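The next block holds one structure in the form of structure tokens; read it before the comments.
A short reminder: the numbers here are calculations on the coordinates, not readings from a lab. The structure presented is a predicted model; accordingly, all values stated were derived computationally and were not measured. Cβ sites come from the backbone with ideal geometry, for glycine too, and all protein chains shown count toward neighbours.
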Amino acid sequence: MLEVNPTFEAQNVAGFVAYAKANPGKLGVGSPSAGTPPYLCVELLKMMAGIDIVHVPYVGENQLVTDLLGAQLMAGVGGISSGIGHIKAGKLRALGVATAAPVAELPGVPTIGDTIPGFEASGWSGIVAPKNTPKDVIDKLAAAIGTIQADPKFKERLSDFGAPLFALSPAEFGKFIVEETAKWGKVVKFAGLKPQ
């Protein structure tokens, strides 16, 4: 999500973009380290909104959140789980979530895509197997994973972290990985990232 210190003047994503365009090269936006999903989300935001912001990568999210809380940094992109408690307590303000749909745990917070059409940058996790794993083994694994995903306690725990359930069939997940690889490859080229 795109989150800000409550003293930052922008009240929504449109205001954030307008501020960045009015102050090119002056707004610092933090994220966890290079190569992480939030880091790439900042680069996607720069690319799609056409804004010149100073990307401030942190070693991890803890220091990013600390600097947002202390107003050493006005804006950042981080995982929902690291900031949700501070947002609910009014110590940080969420301008928008990077997911395709609003997040139930953050009522009233729109998606960034509501302002920047087509913007979507969700973190996700999945389970994969070697390329030539037999179909019956894949089916057995998928069934077991589906059972876990259907467990109300598992869903509740995900919800506590602001993480929506992401359930796809093996074929859908394979297609999704191909699409995500192409999308983020463009962002990596835009950002000029190199292997480290």
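Taking every DSSP helix (H) stretch of at least 4 residues in the chain, weighting each as -39,500 (n - 2.57) and dividing the sum by the residue count yields a mean residue ellipticity at 222 nm of -14000 deg cm²/dmol. For the stretch 2-122, DSSP calls about 45 percent of its internal beta bridges antiparallel. For residue 52, the residues whose amide H sits under 5 Å from its own are 25, ignoring neighbours fewer than 5 places away on the same chain, with H placed 1.01 Å from N. In sequence order, the stretch 95-101 has phi-based couplings of 8, x, 9, 7, 6, 5, 10 Hz under the Karplus curve 6.51 cos²θ - 1.76 cosθ + 1.60, θ = phi - 60°, and Gly or Pro positions carry x.
Packing, as the average of other Cβ atoms within 10 Å across residues, places the peptides 141-154, 123-136 in the order 141-154, 123-136, highest first.
Paramagnetic label reach from residue 62 (point 7 Å along Cα→Cβ; backbone nitrogen cut-off under 17 Å): within the stretch 79-107, residues 79, 81-86.
Taking the Cβ of residue 9 as the center, what net charge do the other residues with Cβ under 14 Å away carry, scoring Lys and Arg +1 and Asp and Glu -1? So the surrounding residues net to +3. Spacing of the modelled spin labels on residue 178 and residue 154, each 7 Å from Cα toward Cβ, amounts to 2.7 nm. Work out the charge dipole of the chain with +1 on the Cβ of Lys and Arg and -1 on the Cβ of Asp and Glu about the Cα centre, then indicate which of 141, 101, 56 is farthest towards its positive end. Toward the positive end, the furthest listed residue is 56.
Averaging the Cα positions of each part gives two centres, and for the stretch 1-59 and the stretch 174-188 these lie 22 Å apart.
Taking a straight line from the alpha carbon of residue 140, these aspartates and glutamates sit under 19 Å away, with near neighbours fewer than eight places off in the same chain left out: 151, 172.
A simple packing score, the average count of other Cβ atoms within 10 Å per residue, orders the peptides 62-71, 42-51 as 42-51, 62-71, with the highest score first. Which whole DSSP H helices in the chain pass both tests: a Cα extent of 20 Å or more along the axis and a mean Kyte-Doolittle value no lower than 0.0? The answer, listed by residue number, is 135-150, 170-191. Extents of the stretch 2-122, taken as max minus min of Cα coordinates on every principal axis and listed largest first, are 31, 29, 29 Å.
Straight-line cross-link reach from residue 91 at under 14 Å between alpha-carbon atoms covers these aspartates and glutamates, not counting any fewer than eight positions away in the same chain: 3, 67. Relative contact order of the stretch 2-122: 33 percent, from C-alpha pairs under 8 Å at least 6 residues apart in sequence.
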